[in-house]
Amino acid sequence: MIQKDLRQAAEEVLRRNDRGTFTAPSPRQYPHLWLWDAGFAALGWAALGDYERAYREIRAALRGQWRNGMLPHVVFYDWPSAYFPGADVWRSDLASEAPAELPTSGITQPPVLAFVVEILTRYDPDRGRAAAFRREAFPALYAYHRWLHTARDPEGMGLSVLVHPWESGMDNSPLWDAALARVPVGDLPPYRRADAHWVPEEQRPRSADYDRFLALILHLRSHRYGESGVQTSSFRVYDILFNALRYRSEEALWTMAAELGEPTGEIEGWLARGRAAFQAYLWDPARGFFLDWDAVAKARIPVIAAGGFLALYAGLATPEQAHEMVARYLTNPEAFAPDGGTRYLVPTVSKAEPGWEPRRYWRGPIWINLNALIAHGLRRYGFVDLAEQIRADTFALVARSGFWEYYDPRTGEGLGIGDFTWSAALLLAWDL
Ligand code: 9YW
């Protein structure tokens with residue numbers, strides 16, 4: 001159970017960040033709709049009992065859908081703003097598939113919406129409303145997953161390829177260092193980042209990263225966000241977190257399809273191929289961990305990052321693999337576990353990685369969305385005490401510092417932007 005004062009504080013964050021149609025991840029730093037943030041925010045609204053508001057959040061995300069099925073990672077409600085790169089950089093109007101009236105980005109983000117919708121409609125006490133919302137959301141979710149399996153599986157891997165680090169949700173993770181280093185920067189137009197205005201620079205991605213983030217957008221834009229841009233992108237990776245969440249969402253899609261009397265055969269094919277691909281390409285027997293795959297280098301990415309544990313969330317690890325990952329890494333003080341230097345679970349990246357930086361964004365700090373998903377996965381495999389330790393650590397971080405974007409695993413200090421939506425939403429929805 002969540003303490004009353006924490007619950008109230010979390011509710012206040014959601015209400016402050018509520019823009020009516022959508023919930024800004026942070027009104028100053030991220031003033032538009034982000035795809036996976038919208039999923040987590042919807043869970044928060046549901047935990048407050050406001051299912052109407054939760055469904056409105058999902059509708060706002062789905063309104064950004066492209067005609068080819070893609071759900072963009074940013075929908076630019078409330079544009080213009082100081083956010084960089086804004087709608088004027090993305091120029092979704094260049095793509096014939098994009099919605100005409102609503103500017104969006106041209107890439108996607110981790111596919112959480114289908115499992116979020118399944119959870120919302122499972123708990124909604126108004127069964128008629130829940131059934132109607134499933135019926136309403138299902139076609140868009142299905143089209144999105146079909147896009148993930150076609151446009152985003154050009155090699156027939158059974159996995160979806162990412163063509164921008166932002167699609168992973170973990171922008172500057174050390175996972176991408178080698179792949180990003182190969183991205184040609186060329187002549188970039190001059191640009192001004194807005195992010196470092198609100199947050200100390202040492203906690204944000206470096207400017208060399210932003211140059212490459214922008215160069216990748218310009219490449220995809222020059223192909224009008226079509227499939228030729230995906231196939232020729234100098235950054236192409238198969239990520240565990242993304243594909244595990246895709247799998248979990250497709251289990252949810254299957255459940256919804258079965259209940260709605262829709263065909264389930266195609267989804268069963270996706271699930272079977274996804275499960276096989278995790279074992280064939282992503283499990284690294286020597287390291288005893290799931291590793292991302294670099295499609296340009298044609299090699300596994302030898303970085304131990306917390307996203308690997310999401311294979312447990314999706315039930316994609318064998319019991320033996322789960323035990324090995326936990327024993328070798330999660331409970332190992334040289335990797336993720338507290339060692340006196342760090343005091344909380346789960347740093348985003350193993351401390352043994354040369355790229356580990358405990359205060360810099362996705363390179364080491366603790367993120368509450370990953371903690372919530374990892375704890376769920378651990379419970380699924382019977383690691384109940386460890387799941388409880390992550391819950392206790394997460395609640396302690398918030399009680400100590402408030403609802404920050406991320407936290408220093410050594411001190412518990414809040415980092416990035418404050419009053420961050422998903423930190424509040426997932427505390428409320430921890431048990432959903
Ligand atoms: C950006 C909104 C987003 C998150 C991402 C996170 C960050 C930066 O903020 O992205 O400018 O898009 O990395 O996961 O969805 O909270």
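Some notes on this structure:
- The sole residue among Tyr77, Tyr83, Tyr30 that is of a type in the set (Phe, Trp, Tyr) and under 25 Å from Ala132 (Cβ atoms) is Tyr77.
- Selection from the stretch 107-150 of residues that are assigned to a loop (DSSP other than H, G, I, E, B) and aliphatic (A, V, I, L, M): Ile107, Val112
- Residue count for the stretch 281-326, restricted to those that are among the hydrophobic types (A, V, I, L, M, F, W, C), without any contact (Cβ under 8 Å) to a residue 40 or more places away in the chain and either in contact with a His (Cβ under 8 Å, 6 or more places away or on another chain) or open to solvent by 50 Å² or more (accessible area, probe 1.4 Å) (or both): 1
- Test set (1) touching a helix residue (DSSP H, G or I) at 6+ places or on another chain (Cβ under 6 Å); (2) farther than 25 Å from Asp93 by Cα - Gly229 fails condition number: (2)
- Check on Trp404, hydrophobic (A, V, I, L, M, F, W, C), surrounded by 20 or more Cβ atoms within 10 Å (Cβ to Cβ), part of a helix (DSSP H, G or I) and within 15 Å of the ligand (Cβ to nearest atom): no
- Per the listing Asp93, Asp78, the residue uniquely within 22 Å of Arg59 (Cα to Cα), away from the ligand (no atom under 15 Å from the Cβ) and touching a Pro at 6+ places or on another chain (Cβ under 8 Å) is Asp93.
- Residue list for the stretch 92-123, restricted to those being over 22 Å from Asp171 (Cα atoms) and crowded, with 21+ Cβ neighbours inside 10 Å: Ala95, Ala98, Ala114, Phe115, Val116, Val117, Glu118, Leu120, Thr121
- Being within 13 Å of the ligand (Cβ to nearest atom), touching a Lys or Arg at 6+ places or on another chain (Cβ under 8 Å) and acidic (Asp, Glu) is a condition met by at least one residue of the stretch 194-211.
- Top-ranked residue in the stretch 152-162 [being small (Gly, Ala, Ser) and buried (at least 21 other Cβ atoms within 10 Å of the Cβ); ranked as farthest from the ligand (Cβ to nearest atom)]: Gly158
- One residue stands out among those in the stretch 1-41 that are part of a loop (DSSP other than H, G, I, E, B) and either among the polar types (S, T, N, Q) or more than 13 Å from the ligand (Cβ to nearest atom) (or both): the one that is surrounded by the most Cβ atoms within 10 Å (Cβ to Cβ), which is Gln29.
The values are calculated or read from the model by the stated rules, or taken from the named source; none is laboratory data. Note that the coordinates shown come from a computational prediction; the quantities given were computed from them, not determined experimentally. Note that each Cβ is placed from the backbone with ideal geometry, even for glycine, and that neighbours are counted across all protein chains shown. Ligands, DNA and RNA are excluded from the accessible area calculation, which covers all protein heavy atoms including side chains. Shrake-Rupley method; radii C 1.70, N 1.55, O 1.52, S 1.80 Å.
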